[in-house]
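Note sheet for the following structure.
Just so you know, all these numbers are worked out from the coordinates, no wet-lab data involved. Computed from a predicted structure; not experimentally measured.
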Amino acid sequence: MPSQKKKSRQVVASGRAKTEPKKSQAPLLIAVAVIAVAVFMVTQLRSDSQATPANEGASSGVSPAEQLQQATNQGRPAFVFMHSTDCIPCKQMMTVVDEVYPEFSNQVVLVDVNVYDEQNTSLMRSLRLQVIPTSVIYDKKGQSKTYVGVMTPADLRTRLRQAMGGS
C-alpha cells in the first residue's frame, strides 16, 4: 500500500529548490508566534508593575545615595525606604508609603531604595541593611532612626512628623 503521508511541495525560485512548510505546520507556527508575543507582553507588564512608591530621584538621574546626601546637606528630613518589589511585607509597606508620603512630599525627601538595583549597594551597606523592608528616617539635624518591617499609616505619619520637628 502506498504511504498516505503529506509531502512538502518543492518550489523553485531563482534556480534553487526550497521546501514550503506543510499546511499542518501553519497552526504550530502561529501558536509559537502568539506565545512569543505573550511572553514579551508579560515581561513588559512586570517591569511596569514593579514601580516603586516614588521615582522622583530616578527620573532626574540622581541616585538614592545622592538624594540622601543632598537632603542631609540641606538640613531636610529624609525618609529612606529600602525594599524589594516582590516580598510581601515590602509590598504592604509600599501601600503605606503610597498612602502617607504624599502628605509630606513638600517637607520630607523620599529616598526610594530598591535592593535589587546594584547602584544602591554601597548605600545599603552604609545603612547596615539586614532585613527588608527597612526604613531610616532622618530629621533636620541629620539624626536617624531605623525601623524594620511594616509600619501602620499612623506610625509612619507620626515618625515623619517627628523628623520634621513636630510631635
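In plain terms, the chain from Gln25 to Glu103 could stretch by 22.2 nm, reckoned as 0.36 nm per residue minus the Cα-Cα distance. Quick one: grab the alpha carbon gyration tensor of region 56-163, order the square roots of its eigenvalues as a ≥ b ≥ c, and give me rounded if a/c is under 1.5, else prolate or oblate depending on whether a/b is larger than b/c. Rounded, since a/c falls under 1.5. Taking 10 °C and 1.306 mPa s as conditions, region 67-127 diffuses translationally at an estimated 128 µm²/s according to Stokes-Einstein applied to its Kirkwood radius (Cα pairs).
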